[in-house]
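Enquirer: Sharing a structure here in structure tokens format.
The values are calculated or read from the model by the stated rules, or taken from the named source; none is laboratory data. Only a predicted model underlies this, so the values are computations on that prediction, with no experimental measurement involved. Methodologically, a virtual Cβ is constructed for each residue, glycine included, from the backbone with ideal geometry; neighbour enumeration extends over all protein chains shown. Heavy atoms of the whole protein, side chains included, go into the accessibility calculation; ligands, DNA and RNA do not. Shrake-Rupley method; radii C 1.70, N 1.55, O 1.52, S 1.80 Å.
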Amino acid sequence: MNYNIQKKESIEQDGCFIQQFQLGCLAEFSYYIESHGEAAIIDPIRDIDEYMTLIKERKAQLKFVFETHLHADFVGGHLELSHKTGAQIVFGPNAVTNYPIHQAKDGEILNLGKIQIRVDHTPGHTLESSCFVLLSDGQEKVVFTGDTLFLGEVGRPDLAVKTGDITVEDLAGLLHDSLRSKLMTLPNDTIVFPGHGSGSSCGKAIGDGNLCTIGKQKANNYALQQMTKGEFIALVASNLPKPPQYFFHDVQLNKNGPQEYTQLMTQPKALTFDQFMEFCNNGALILDSRSNIAAGVIPGSLIIGFASPFATFAGTLIKPNTQIVVVAEPAQSHDTIMRLFRIGYDNVVGYLQGGFETYVQNGGKLSDVEITDLVQFWTNNGIHIQYLDNAIFLDVRNPPEYKEGVLPGAITIPLTELEQRCQELPKDKKIHVYCKTGMRAKMGMSILNQNGFMHLVITQQGGFEAIVKANQGLEAQMKG
């Protein structure tokens, strides 16, 4: 999974140049548009170096930073770009911020070199959501849809709900109207550049790919098919997964104006063992981003492997203002912190210099977590776990994954519910924690360890499928 921003699609036609950027770990797309020396950026992420480099390489002047809405899943880099270049920040109607912006009117056209950008207000995902239509010679060529329209999906309508004011159904109704009155009226060959790709939590089931056309979306996107408004509302407002807790934190940061990334990255310090322990003893959370923990587990730490969808899990499992100290592979300390800053987890005081090895060399205590191979995970002295009175399996996958089977007698609690439901588990038994690949099992194990569970077993070698395969002849029972 790519955690650095990468150049994706580039188009040079109709008098302009478009560069699509992708941040794989957040499934986020941002865009650079340029015409005759004037440039604009749409939905920039917080670390802006790649955009600044491209502006310099192309000898362009950044004129606008367009924001499709107040983002929930990442902190934007619009303010820092504006401060460094003098570019004007543009939102659509209804946007409320605590810093200067140009609040465009619905249908307003802004000139960029020899092309134009039209602001189409498309409320539904949020009240201020807007799409930006690129016009060349008066013709609609490209639409940047933000979180209104994805490939095969539409934006979720539950993130801007206000109790007693606006409901999920109200927002879904607005989304229905926006799609049909604005986006579906564009020419079929209009290129669609979405705000997110597959894997983002901003839509229920976003499809693969990074661009499409309006015509193909009208043909293939379930939400753009013929149906009544009531049917649309029922469809898009149902079965919405619970959003990560950091979403609401990020909206407020993007509204109020986040601290600039360049300044923020100078603050976390390399910590000696004694400094690290002082922060821990004063209540800081130890966030361990090692992907391989076979060497041991630090008591009280939360393990979120660097190779996982790290930022999303951190934003799901950690409260936003938590003070954090990082333990990482030494080469990944900087990037671990960068990924936290991207989602507005700014209270990172530092990282343990030398990582886990420094901790052990200085006599740091380790938890009594058993880390076994795939066969030992299922057996104890040759006896299968399900036949023992002192051991149980805990499955921390999500319910749709249970159709693949579960290990015999396993208790099933999704990882995101484990903190609230851990009292359902016995503390006097060994708990063998597993998931699909092993990543979430380590997170689940560390959550249990934080909550006083001492008899924990995991395997570093894989998850459900690997465990079953390694124990040929043992059947996983089906559930549900």
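Enquirer: Say the dipole of the chain comes from +1 at the beta carbon of Lys and Arg and -1 at that of Asp and Glu; which of Tyr434, Tyr31, Gly405 then lies farthest toward its positive end?
Expert: Gly405
Enquirer: Give me, ordered by chain and number, the residues 5 or more places off Thr213 or on other chains with an amide H under 5 Å from its own placed amide H.
Expert: Those qualifying (amide H under 5 Å, at least 5 residues apart or on another chain) are Val192.
Enquirer: Sticking with this one: Roughly speaking, to the nearest percent, how much of the chain's 1.4 Å accessible area is carbon and sulfur?
Expert: With neighbouring chains kept in place, the figure for the chain is 48 percent.
Enquirer: Right, here's the next one. Is the C-alpha gyration tensor of segment 88-245 telling us rounded, prolate or oblate? Criteria: a/c under 1.5 is rounded; beyond that, a/b larger than b/c is prolate, otherwise oblate.
Expert: Oblate shape, in that a/c is at least 1.5 and b/c is the bigger or equal ratio.
Enquirer: Now a separate question. Pop out the ³J(HN,Hα) list for segment 69-77 in order, Karplus 6.51 cos²θ - 1.76 cosθ + 1.60 with θ = phi - 60°, rounded to Hz; leave Gly and Pro as x.
Expert: Computed from phi, the couplings for segment 69-77 are 5, 7, 6, 9, 9, 7, 8, x, x Hz.
Enquirer: Here is a follow-up. Along the charge dipole of segment 1-127, Cβ charges K/R +1 and D/E -1, which of Phe74, Phe21, Pro123 sits furthest on the positive end?
Expert: The one lying farthest along the dipole's positive direction is Phe21.
Enquirer: Between the DSSP loop rule and a limit of at most 11 other Cβ atoms within 10 Å, which trypsin sites (Lys or Arg not before Pro) in segment 165-221 are left?
Expert: none
Enquirer: Suppose the chain between Glu278 and Lys114 were pulled fully straight at 0.36 nm per residue; how much longer would it get relative to their current alpha carbon spacing?
Expert: 53.2 nm
Enquirer: What is the set of long-range amide H partners of Val90 at a cut-off below 5 Å, with H atoms built 1.01 Å from backbone N?
Expert: Val65, Phe66, Glu67, His102
Enquirer: How high is the FRET efficiency from Glu417 to Asp177, r the C-beta distance, R0 35 Å, rounded to 0.05? The partial results should precede the final answer.
Expert: On the way: r = 35 Å, r/R0 = 1.01.
Step by step, r from the Cβ atoms, then E = 0.50.
Enquirer: Any chance you could give the angle, 0 to 90 degrees and rounded to 10, that helix 439-450 forms with the longest Cα principal axis of the chain?
Expert: So the helix axis and the longest Cα principal axis differ by about 60 degrees.
Enquirer: If you take every DSSP beta bridge fully contained in the chain, what fraction is antiparallel? Give it as a percent rounded to 5.
Expert: So the antiparallel bridges in the chain amount to around 55 percent.
Enquirer: Also, I was wondering about something else. Using the Cβ atoms and a cut-off under 14 Å, what net charge is assigned to the surroundings of Phe248, where Lys and Arg are +1 and Asp and Glu are -1? Provide the component values of the computation, followed by the final result.
Expert: On the way: positive: Arg156, Lys162, Lys242, Lys255, Lys319; negative: Asp73, Asp158, Asp250.
Cβ neighbours under 14 Å give a net charge of +2.
Enquirer: While we're looking at this one, here's another question. Hey, what do the phi angles of segment 244-259 turn into as Karplus ³J(HN,Hα) couplings, whole Hz, using 6.51/-1.76/1.60 and θ = phi - 60°, x for Gly and Pro?
Expert: Ordered by residue, 3J(HN,Hα) equals x, 5, 6, 4, 6, 5, 5, 4, 5, 4, 5, 6, 7, x, x, 4 Hz.
Enquirer: Give the relative contact order (percent, whole number) for the chain; include only Cα pairs under 8 Å separated by 6+ residues. Mind dumping the intermediate values first?
Expert: Details: 1044 pairs, mean separation 51.7, N = 480.
Here the relative contact order equals 11 percent.
Enquirer: Calculated from DSSP H runs of 4 or more alone, at -39500 (n - 2.57) each and per residue, what is the 222 nm mean residue ellipticity of the chain, nearest 500?
Expert: Taking each H run of at least 4 residues, the total per residue is -7000 deg cm²/dmol.
Enquirer: For Rg/Rh (Cα atoms, Kirkwood Rh), pick the label among (i) 1.13; (ii) 1.01; (iii) 1.05 that corresponds to the value derived from the coordinates.
Expert: Computing Rg/Rh (Cα atoms, Kirkwood Rh) and matching it to (i) 1.13; (ii) 1.01; (iii) 1.05 gives (ii).
Enquirer: If you don't mind, there's one more thing I want to ask. Keeping all protein chains in place, calculate the accessible area per residue for the chain (probe 1.4 angstrom), answer in Å².
Expert: Working: 19640 Å² over 480 residues.
Ligands and nucleic acids excluded, the figure is 41 Å² per residue.
Enquirer: Using the Karplus equation 6.51 cos²θ - 1.76 cosθ + 1.60 (θ = phi - 60°), what ³J(HN,Hα) coupling, rounded to whole Hz, does each residue of segment 225-230 give in order, writing x for Gly and Pro?
Expert: 7, 5, 6, 6, 4, x
Enquirer: Quick check for me: using +1 on Lys/Arg Cβ and -1 on Asp/Glu Cβ, what's the dipole size of the chain about its Cα centre, in debye to the nearest 20? Don't jump to the answer; show the numbers that get you there.
Expert: Numbers: 39 positive and 52 negative charges, 37 e Å.
Here the chain has a charge dipole of around 180 debye.
Enquirer: Which of the trypsin sites (Lys or Arg not before Pro) across segment 52-105 are loop residues per DSSP, with 11 or fewer other Cβ within 10 Å?
Expert: For trypsin sites (Lys or Arg not before Pro) across segment 52-105 that sit outside H, G, I, E and B with at most 11 neighbouring Cβ atoms in 10 Å, the list reads Lys59, Lys105.
Enquirer: Of Ala237, Leu253, Thr266, whose Cα points farthest to the positive end of the dipole of segment 183-277 (charges on the beta-carbon: +1 Lys, Arg; -1 Asp, Glu; origin at the Cα centre)?
Expert: Value: Ala237.
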